[in-house]
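S.K.: Below is one structure. I have some questions about it.
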Amino acid sequence: MQIAEIAFIGYPVTDLDRARDFYEGVLGLSPSRTFGGGDRLWIEYDLGPTTFAISNMAKENWKPSPDGPNVAFEVVDFDAAIAELKAKQISFELEPMESPVCWMAVIADPDGNKLTVHKRHS
């Protein structure tokens, strides 16, 4: 098997309105596609060549977890992103820090799913 790229990253959520407020209102993502209907939806956000999705379609067997995966969102301006999150009173699981290859900070969505705000060094 040869893996060519990441097709999408999906996060389960319990409350779509609350999740959309976070991902669209706080993080500024714009939905690209929405699938499903009624009270079960799959919402995709295209980010460069990758798609990030949130969904509550498999409520019975796909549950949010603070112990699950962590997607890293590459930002254009790390300091501005951190300032915006702090202004919106988003708490940090890992305060902004610098590593030998990047700057990063970890936050969580309303369901506890972890997200990394990331900026590679030049």
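No lab work stands behind these numbers, since they all come straight from the coordinates. What you see is a predicted model; the values in this text were computed from it and never measured. We place every Cβ from the backbone using ideal geometry, glycine too, and count neighbours over all the protein chains shown.
S.K.: So is P110 surrounded by 11 or more Cβ atoms within 10 Å (Cβ to Cβ), closer than 15 Å to V26 by Cα, of a type outside the set (D, E, K, R) and in contact with a helix residue (DSSP H, G or I) (Cβ under 7 Å, 6 or more places away or on another chain) or not?
M.R.: Taking the combined requirement at face value, the residue satisfies it.
S.K.: Restricting the stretch 34-62 to residues that are charged (D, E, K, R) and surrounded by 14 or more Cβ atoms within 10 Å (Cβ to Cβ), which is farthest from N113 (Cα to Cα)?
M.R.: Selected residue: D46.
S.K.: So in the stretch 1-33, with the set limited to residues that are exposed (fewer than 14 other Cβ atoms within 10 Å of the Cβ) and of a type in the set (S, T, Y), which one is nearest to D77 (Cα to Cα)?
M.R.: Among those that are exposed (fewer than 14 other Cβ atoms within 10 Å of the Cβ) and of a type in the set (S, T, Y), it is S30.
S.K.: Looking at the structure I just gave you, is I82 more than 19 Å from G68 (Cα to Cα), under 16 Å from the mean Cα position of the chain (by Cα) and either assigned to a loop (DSSP other than H, G, I, E, B) or hydroxyl-bearing (S, T, Y) (or both)?
M.R.: no
S.K.: Which of the residues belonging to the stretch 18-37 are within 15 Å of the chain's Cα centre (by Cα) and not in a loop (DSSP other than H, G, I, E, B)? Walk me through how you get there before you give the answer.
M.R.: Going residue by residue through the stretch 18-37, those that are within 15 Å of the chain's Cα centre (by Cα) are 18-32.
Residues satisfying the conditions are R18, A19, R20, D21, F22, Y23, E24, G25, V26.
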